[in-house]
Amino acid sequence: MQKPSLKIIILGSANALPDEQHDNTHLLLVSQQERILIDCPNNPYLRLQQVGSDPIQLTGLILTHFHPDHVSGLPTLLMNLWLRKRKAVLPVYGLESTLKLFEKLMALFDWEQWSERYPVELHPLADQTNQMVFRDQTVKILSSPVCHLIPTIGLRIQNLQSGQSLAYSCDSEPCHNVIELARGAKILIHEAAGEASGHSSPRQAGMVAKQAGVEELLLIHYPVFRQNAQDWVEQARQEFQGNIKLAQDGMEIVF
Ligand SMILES: [Zn+2]
């Protein structure tokens, strides 16, 4: 019998400056039971429909950090779900500091006054390694702090049936905790915004992939205005010999 697979759908692959083909970086995790949105920029209600997923079916939301290119779509998404008369609880996972800012943002829109709003359940995560974000029969999600400009988490998503894992650096410099999150994983999704404080070049992403011993590296959160996209992959290949791809919006990763 075939083992149930997990799927990540790339909803956006750009760094903080999107274009028509590349939205800001955010992901959707799909399992048999779950539809978990990872970060929430711009207009996720629209984006989810564009990849064939009804936003009303979202079962959770993970916020990696509180930069605008990762959370700016929160008020619209939450309002859209309310207008769709969602009744189910919406769990929201993130660092305590991130969730405090989330509540502050929503308070600007008086969301406590929205009549008959579905309940939103906050799940604060400690700023420590290997925190359990979510677990059911098929999937386990762990978070660890990574090396960015503000408190930020990276993720390890494990398919409990197949044993395969995928790690996501989120926004980070080359970081010990990312290497540990990705240790022995099948796929590492690593940011490649370019070498800068709190970010990584594609070559540095390749170094992290090599040290973690992953099979595949998917570069994300990259500058989309460059002419030659392929050079990003070539730079990563200087350090990492496994399979390397550049994430594109709409891409699906099964593991
Ligand atoms: Zn950021």
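Dividing the convex hull volume of the alpha carbon atoms of the range 1-53 by its residue count gives 85 Å³ per residue. Under a Cβ-Cβ cut-off of 13 Å, what is the net charge of the residues other than Met251 that fall near it, where Lys and Arg count +1 and Asp and Glu count -1? Computed value for this residue: -2.
The listed peptides 174-185, 87-98, ordered by packing as a protection proxy, come out as 174-185, 87-98 (highest mean of other Cβ atoms within 10 Å first). Summing charges over all other residues whose Cβ lies under 9 Å from the Cβ of His199, with Lys and Arg as +1 and Asp and Glu as -1, gives -4. Helical runs (DSSP H, four residues minimum) scored at -39500 (n - 2.57) apiece and divided by the length of the chain put the mean residue ellipticity at 222 nm at -6500 deg cm²/dmol. At full extension, Thr129 and Ser162 could sit 9.5 nm farther apart than now, given 0.36 nm per residue minus the alpha carbon distance. The GNM of the chain, with springs linking C-alpha atoms under 10 angstrom apart, assigns the highest mean-square fluctuation among Trp82, Trp232, Trp114 to Trp114. Remark on His199: its backbone amide H falls under 5 Å from those of Glu173, a criterion applied only to residues 5 or more positions apart or on other chains, H modelled at 1.01 Å from N.
Could you please state, rounded to a whole Å, how far the C-alpha centre of the range 36-52 is from the C-alpha centre of the range 200-214? Measuring centre to centre over Cα atoms gives 28 Å. Estimated at 0.36 nm per residue, the fully extended path between Lys85 and Asn43 surpasses their Cα-Cα distance by 13.3 nm. Taking the DSSP beta bridges with both ends in the range 7-247, the antiparallel portion is around 50 percent. Sequence-ordered 3J(HN,Hα) estimates for the range 61-74 from the Karplus curve with 6.51, -1.76 and 1.60 and θ = phi - 60° stand at 9, 10, 10, 7, 5, 9, 8, x, 6, 10, 9, 5, x, 4 Hz, glycine and proline given as x. The lysine pair tally for the chain, using Cα distances under 21 Å and a gap of 8 or more places or different chains, is 9.
Taking Lys and Arg as +1 and Asp and Glu as -1, the other residues whose beta-carbon sits under 15 Å from that of Leu101 total -3.
Based on the Stokes-Einstein relation at 37 °C and a viscosity of 0.692 mPa s, and on the Kirkwood radius from alpha carbon pairs, the range 134-178 is assigned a translational diffusion coefficient of 297 µm²/s. Stretching the chain fully between Gln248 and Leu105 yields a gain of 48.5 nm (0.36 nm per residue, less the alpha carbon separation).
Residues within the reach of a label modelled at Ser115 (point 7 angstrom out along Cα to beta-carbon, backbone nitrogen below 18 Å), restricted to the range 57-81, are 79-81. The magnitude of the dipole of the range 7-247, with charges of +1 and -1 set on the Cβ of Lys/Arg and Asp/Glu and taken from the Cα centre, is near 600 debye. Cα convex hull, the chain: 116 Å³ per residue, rounded to a whole number.
Where a number appears in this text, it was derived from the coordinates with a stated rule and is not lab data. What you see is a predicted model, and the numbers here were worked out from it, not measured in a lab. Positions of Cβ are backbone-derived with ideal geometry, glycine not excepted, and every protein chain shown enters the neighbour counts.
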